[in-house]
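Chemist: Got a structure for you, written out below as structure tokens; questions coming shortly.
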Amino acid sequence: EVQLEQSGAEVKKPGESLKISCKGSGYNFAGFWIGWLRQKPGKDLEWMGMIYPGDSDTRYSPSFQGQVTMTADKTTNTAYLQWSSLKASDTAMYYCAKQGQWEPPSNWGQGTLVSVFS
Amino acid sequence: QPVLTQPPSASGTPGQRVSISCSGRSSNIGSNTMTWYQQLPGGAPKLLIYRNSQRPSGVPARFSGSQSGTSASLAIRGLQSEDEGDYYCATWDDSLNAPVFGGGTKLTVL
């Protein structure tokens, strides 16, 4: 069974850095893209980009290019999403999801809630 | 602003059939297959339909999907109270080179 287990909720202050994780199991983690998506309260799903753990090829949505960094470690089946300097507007639920290269996500993680306030 | 257009809300009584529409353009729905997700209150999106009409293992047959031209729809027959939640359509967009989503439809079971 495909499973994506995300790290726990985070509470941060503006300007702080953060790295959240997504650990895959039940499938060939290195052979499928991992997408990251943001959902703010009020429901729109925004695709941030994706990474291919096999060779760390990364594609960012223009809206998120330069705002976040996606990495992956195929030896531990874990993908990461990080910020160097959080803003209050980064407050949202973040999901990782398994996806094909030209397809929407299929299996989703349970989400990581990131709250940023002073 | 979501790329795909869905009605913000839909409703029905238990046992009824409801349909949720999703419209787009030639670069997305017109060129690629549709995916639908169900997001129950407090939960993560869950794959409901993929490749227009395929159901993952465990998804009841009363959920079905169809696609025609630049539009698609999700139908739920035999509506149940546990179906209450948000439903999203999605597909790949060849112009944006990214998956695109609808804004979600909140389904209420009266």
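Taken together, the values in this text are just the output of simple stated rules run on the coordinates, not laboratory data. In this text the structure is predicted, and so the values were computed from the model without any measurement. Quick reminder, even Gly has a Cβ in these numbers, built from the backbone with ideal geometry, and neighbours come from all protein chains shown.
Chemist: Please list 3J(HN,Hα) in residue order for the range A:64-71, calculated via the Karplus relation 6.51 cos²θ - 1.76 cosθ + 1.60 where θ = phi - 60°; whole Hz, with x for glycine and proline.
Modeler: 10, 4, x, 9, 9, 10, 9, 9
Chemist: I'd like to know which of B:Pro14, B:Asn32, B:Asn97 lies farthest towards the positive end of the charge dipole of the protein assembly as shown, counting +1 on Cβ of Lys and Arg and -1 on Cβ of Asp and Glu.
Modeler: Sorting the options by dipole projection puts first B:Pro14.
Chemist: With an 8 Å cut-off on Cα pairs and a minimum separation of 6 or more residues, tell me the relative contact order of the range A:3-107 in percent. Present the calculation step by step, with values, prior to reporting the outcome.
Modeler: Values: 211 pairs, mean separation 36.7, N = 105.
Over the range A:3-107, the number comes to 35 percent.
Chemist: Sticking with this one: Determine the percent antiparallel among the DSSP beta bridges restricted to chain A, to the nearest 5.
Modeler: Details: 37 of 40 bridges.
Once the DSSP bridges in chain A are tallied, antiparallel ones form about 90 percent.
Chemist: For A:Lys43, list long-range residues whose amide hydrogen, built 1.01 Å from N in the peptide plane, is under 5 Å from its own amide hydrogen.
Modeler: Close amide H contacts, sequence-distant or interchain: none at all.
Chemist: How about the range A:68-118: which trypsin sites (Lys or Arg not before Pro) there are in a DSSP loop, with at most 15 other Cβ atoms within 10 Å of their Cβ?
Modeler: The qualifying sites are A:Lys87.
Chemist: I would also like to ask the following. Just tell me which lysines come within less than 18 Å, Cα to Cα, of A:Lys98; anything on the same chain fewer than 8 places away is out.
Modeler: Of all the lysines, those that pass the test against A:Lys98 - Cα under 18 Å, at least 8 places apart if same chain - are A:Lys23, A:Lys74, B:Lys46.
Chemist: Here's another thing I want to ask about it. When Lys and Arg each count +1 and Asp and Glu each count -1, what net charge do the other residues less than 13 Å away from A:Thr91, Cβ to Cβ, add up to?
Modeler: Taking every Cβ under 13 Å from that of A:Thr91, the sum is +2.
Chemist: Suppose a student asked you for the relative contact order of the range B:14-103, using Cα pairs under 8 Å spaced at least 6 residues apart; what percent would you report?
Modeler: 38 percent
Chemist: Under 5 Å between amide hydrogens, which residues at least 5 positions from B:Gly85 or on another chain qualify, with H placed 1.01 Å from N in the peptide plane?
Modeler: Close amide H contacts, sequence-distant or interchain: B:Leu107.
Chemist: Could you go through the range B:62-74 in sequence order and give the Karplus-derived ³J(HN,Hα) for each residue, using 6.51 cos²θ - 1.76 cosθ + 1.60 with θ = phi - 60°, rounded to whole Hz, and x for Gly and Pro?
Modeler: 6, 9, 9, x, 8, 8, 8, x, 9, 10, 8, 8, 10
Chemist: Would you mind computing, in nm to one decimal, how far apart the modelled labels at A:Glu46 and B:Leu96 are, each placed 7 Å from Cα along Cα→Cβ?
Modeler: 1.2 nm
Chemist: Separate question: Would you give the gap between the C-alpha center of the range B:17-65 and the C-alpha center of the range A:55-71, rounded to a whole Å?
Modeler: Using only Cα atoms, the two centres lie 26 Å from each other.
Chemist: Further question: Long-range amide H contacts for A:Glu16: which residues qualify at under 5 Å (H placed 1.01 Å from N, peptide plane, sequence gap of 5 or more or a different chain)?
Modeler: It is A:Leu86, by chain and number.
Chemist: Separation between the A:Tyr27 and A:Thr91 pseudo-spin-labels, each 7 Å from Cα along Cα→Cβ, expressed in nm?
Modeler: Each label point lies 7 Å from its Cα, and together they span 3.4 nm.
Chemist: Where Lys and Arg each count +1 and Asp and Glu each count -1, what net charge lies around B:Ile76 among other residues with Cβ under 9 Å from its Cβ?
Modeler: +2
Chemist: Please give the Cα centre distance for the range B:92-108 versus the range A:3-51, rounded to the nearest Å.
Modeler: So the two Cα centres are separated by 18 Å.
Chemist: Using a simple charge model, +1 on the beta-carbon of Lys and Arg, -1 on the beta-carbon of Asp and Glu, nothing else, what dipole does the range B:14-103 show about its Cα centre, in debye to the nearest 20?
Modeler: 280 debye
Chemist: How far apart, in nm, are two points set 7 Å out from the Cα along the Cα-to-Cβ line at A:Val2 and at A:Arg59?
Modeler: It is 1.6 nm.
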